[in-house]
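> Got a structure for you, questions after.
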Amino acid sequence: MMVSTIPVASIQSISPWIFFLGYFASCFLGVYLFTKSDSPLVSFIGYNFVVVPFGLIINIAVSRYDPDLVVEAIKITGVVTGITMVLGALFPKFFARISGALTISLLIVIDLATSSELTLRFRATTPITPASGKFIFKQTRL
């Protein structure tokens, strides 16, 4: 919702010092609220003090992409997350058994997505080996 409704220019117009001080103050307040409170409402408010500033940073990060593509990716992620939550609630023993495989799969997807992004943005010149151990190339700008 933030990506589709808050203009990036309005976020970028805030002084970086003010933005980051506000970001960290909001996050610390949020963590304090949701860890110290037994009230679901206060915990929810604390949670939002953490995720809303993070959403502003995500908004800046994805601003260079087509907004329709970003919103579509958010929708797909939400649907997959929702289905996984329902299935996890219905079949908790099954998901507990496959949690290791799911974690490894997620790390592989993140690694492949990162290296694919680098490959698309840069031209390979010198081979290097990243922390994942996968052989990729040192990148230079096109």
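> Mind listing whichever residues of region 1-13 are touching a helix residue (DSSP H, G or I) at 6+ places or on another chain (Cβ under 8 Å) and open to solvent by 70 Å² or more (accessible area, probe 1.4 Å)?
Scanning region 1-13 gives S4, Q12.
> Between residues in region 90-104 that are hydrophobic (A, V, I, L, M, F, W, C) and residues that are open to solvent by less than 100 Å² (accessible area, probe 1.4 Å), which pairs lie under 6 Å by C-beta distance while being six or more apart or on different chains?
Qualifying pairs under 6 Å: F95/G88.
> Here's something else I'd like to know. Looking only at region 14-31, count every residue that is β-branched (V, I, T) and open to solvent by less than 80 Å² (accessible area, probe 1.4 Å) and tell me the total.
Adding up the residues that qualify gives 2.
> If A73 meets every condition in (1) under 28 Å from V3 (Cα atoms); (2) of a type outside the set (V, I, T); (3) surrounded by fewer than 10 Cβ atoms within 10 Å (Cβ to Cβ) apart from one, which number is that one?
(3)
> Let me ask something else. Only residues in region 1-20 that are free of Cβ contacts under 8 Å to residues at least 60 places away in the same chain count as the first member; pair them with residues that are outside any helix (DSSP H, G or I), Cβ under 6 angstrom, at least 6 apart or cross-chain, and list the lot.
V8/S63
> Going through region 32-46 one residue at a time, which ones are over 24 Å from the mean Cα position of the chain (by Cα) and either polar (S, T, N, Q) or surrounded by 15 or more Cβ atoms within 10 Å (Cβ to Cβ) (or both)?
Passing the criteria: S37, S39.
> Across region 76-126, which residue is most open to solvent (accessible area, probe 1.4 Å) among those that are outside any helix (DSSP H, G or I) and modelled with pLDDT of 90 or more?
So the residue we want is F91.
The values are calculated or read from the model by the stated rules, or taken from the named source; none is laboratory data. Source: prediction; values computed, not measured. Ideal geometry is used to build each Cβ from the backbone, glycine not excepted, and the neighbour counts take in all protein chains shown. Remember, those area values only see protein heavy atoms, side chains included, never the ligands or the DNA or RNA. Shrake-Rupley method; radii C 1.70, N 1.55, O 1.52, S 1.80 Å.
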